[in-house]
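The values are calculated or read from the model by the stated rules, or taken from the named source; none is laboratory data. What you are looking at is a predicted structure, and each value in this text was computed from that prediction instead of being measured. Cβ: placed from backbone, ideal geometry, glycine included. Neighbour counts: every protein chain shown.
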Amino acid sequence: MSNITIVGSQWGDEGKGKIADWLASRADIVVRFQGGHNAGHTLVIDGKVYKLHLLPSGIVRPGKLSIIGNGVVIDPWALTTEISELRHQGVNITPANLLVSENAPLILPLHGALDRAREEARGNQKIGTTGRGIGPAYEDKVGRRGLRVCDLAHLDTLRAKLDAMLAHHNALLQSMGASAFQAEDLVAALKDITPQILPFVGSSWQMLEKMQSSGKKILFEGAQGMMLDVDHGTYPFVTSSNIVAAQAAIGAGIGADKIGYVLGITKAYTTRVGSGPFPTELTDEVGETLGKIGHEFGTTTGRKRRCGWFDAVQVRQAVKTGGIHGIALTKLDVMDTLEEVKICIGYECRGKKYDYLPASQDLQAELKPIYEALSGWQQPLKGVRKFNELPDNAKKYIHRIEALIGVPAAVISTSPEREDTVLVQDPFQ
Ligand code: IMP
């Protein structure tokens, strides 16, 4: 298999940036296929930190083609800001190394306003969205009233399209006490930004088809995590896109048989930002330690992440529903100081035991984890690059996770540095 798809197997923030960069260095093309600038991938290359939201990880590496696929919702202002910030860091971004799909939906300022107004109206029932307009933009896509990137090439018909959208949005916004948007302001803003976007726009599926048939290696780069998938996650506390690997085919415009090896990026413990069920959440000192050592603050919003033990039931479900072939186990070194480590192997709720995450939000809110405890390794893992060099208790922890989730740990990450990676099984083979 020469292609790889990476997906987060928990609630996002699994450390996809480092693994994506490592794989991108060996791929020819990197494609984003869902989500938008709600994502935040941090890459550390030669001590330099790059923060990516919309751009695929390949963008920082010369000679790679980066594609933003049709499954991504694109805020043109966020995209141009990100491009100019990276250019300031010395990254070369031209139409030769960045292609934006012409059929990707656009996020407009009214989507962000609606997202935030809705969250405000939810009071203490907030989803905890990133406020970037992701949900409303996807709603407009399936509601068949959204603007797409290709519409920027037809500025003369923009006004009519916006009038139709605003008839819907302004009624909603005003019903929540938010201000209405004026079509002429949006037209002016879009006319202003269009020249910066259009040079990158093209038919991404055709480019992928051409690359695929000439034997190029493609990395499909997922954002967020499986438990935030709109179908398979902890609904309604989810994002508005599909995160499962199958979405790579839809969101890039390529056959389902081309997505290759599916690598589930999996943190050695669990974190979540925003609200929603989290059965293994730790509100004690151990949770604080994981958050502190793991620097668990969101890349996009800076919010503190909730931390907890590894949940094998949840990850097994992500493996099965997401078609994951193997995992990359990240941030194992964050657990170095712990005397004891726990793995959730089942749930209890209302007198019943569960070996899966039930779909009902009412049950999910009440699940109590059943734990298995293992001894910690209490040695620094930083710098370990071979499986045999891992302490025995770390090996036991990894093997127990593999047995519980049913797929191997193909890659193990032992520090934020790219080189501190144990390669057990090469996903590109
Ligand atoms: P939205 O995607 O902004 O609509 O937010 C919906 C939920 O997904 C919220 O709980 C967010 O915190 C979460 N979320 C969205 N993007 C990410 C991400 O990249 N990492 C982790 N959580 C995310």
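Quick notes on this structure:
- Selected residue (criterion: nearest to the ligand (Cβ to nearest atom)) from residues of region 113-167 that are over 25 Å from Gly202 (Cα atoms) and among the hydrophobic types (A, V, I, L, M, F, W, C): Ile127
- The strands (runs of 3 or more DSSP E) found entirely in region 197-275 that carry 3 or more residues being touching a strand residue (DSSP E or B) at 6+ places or on another chain (Cβ under 6 Å) and of a type in the set (A, V, I, L, M) are 261-267.
- Test result for Arg148, closer than 15 Å to Leu190 by Cβ and more than 21 Å from the chain's Cα centre (by Cα): yes
- Hey, Pro109 away from the ligand (no atom under 14 Å from the Cβ), in contact (Cβ under 8 Å) with a residue 40 or more places away in the chain, surrounded by fewer than 23 Cβ atoms within 10 Å (Cβ to Cβ) and farther than 16 Å from Val201 by Cβ or not: yes
- Test: residue in region 192-211 that is buried (at least 18 other Cβ atoms within 10 Å of the Cβ) and in contact with a His (Cβ under 8 Å, 6 or more places away or on another chain): no
- Being within 16 Å of the ligand (Cβ to nearest atom) and in contact with a helix residue (DSSP H, G or I) (Cβ under 7 Å, 6 or more places away or on another chain) is a property that Ser241 has.
- Test: residue in region 177-187 that is surrounded by fewer than 19 Cβ atoms within 10 Å (Cβ to Cβ), at pLDDT below 95, part of a helix (DSSP H, G or I) and not assigned by TED's automatic domain parsing to the domain that holds Leu23: no
- Check on Ile398, part of a helix (DSSP H, G or I), touching a strand residue (DSSP E or B) at 6+ places or on another chain (Cβ under 6 Å) and not hydroxyl-bearing (Ser, Thr, Tyr): yes
- Complete set of residues in region 261-302 that are closer than 14 Å to Trp11 by Cβ, within 12 Å of the ligand (Cβ to nearest atom) and either among the aromatic types (Phe, Trp, Tyr) or without any contact (Cβ under 8 Å) to a residue 60 or more places away in the chain (or both): Phe278
Each row is one residue, and each column tells you yes or no for (1) touching a helix residue (DSSP H, G or I) at 6+ places or on another chain (Cβ under 9 Å); (2) within 11 Å of the ligand (Cβ to nearest atom).
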| residue | (1), (2) |
| --- | --- |
| Ile4 | yes, no |
| Gly12 | yes, yes |
| Lys18 | no, no |
| Leu23 | yes, no |
| Asp28 | yes, no |
| His37 | yes, yes |
| Ile45 | yes, no |
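- Tally, over region 262-282, of residues that are modelled with pLDDT of 95 or more and surrounded by fewer than 21 Cβ atoms within 10 Å (Cβ to Cβ): 3
- Residues located in region 166-182, provided they are without any contact (Cβ under 8 Å) to a residue 60 or more places away in the chain and closer than 19 Å to Pro76 by Cβ: Leu166, His169, Gln182
- The condition (being free of Cβ contacts under 8 Å to residues at least 60 places away in the same chain, touching a helix residue (DSSP H, G or I) at 6+ places or on another chain (Cβ under 6 Å) and acidic (Asp, Glu)) is satisfied by just one residue among Asp163, Asp185: Asp163.
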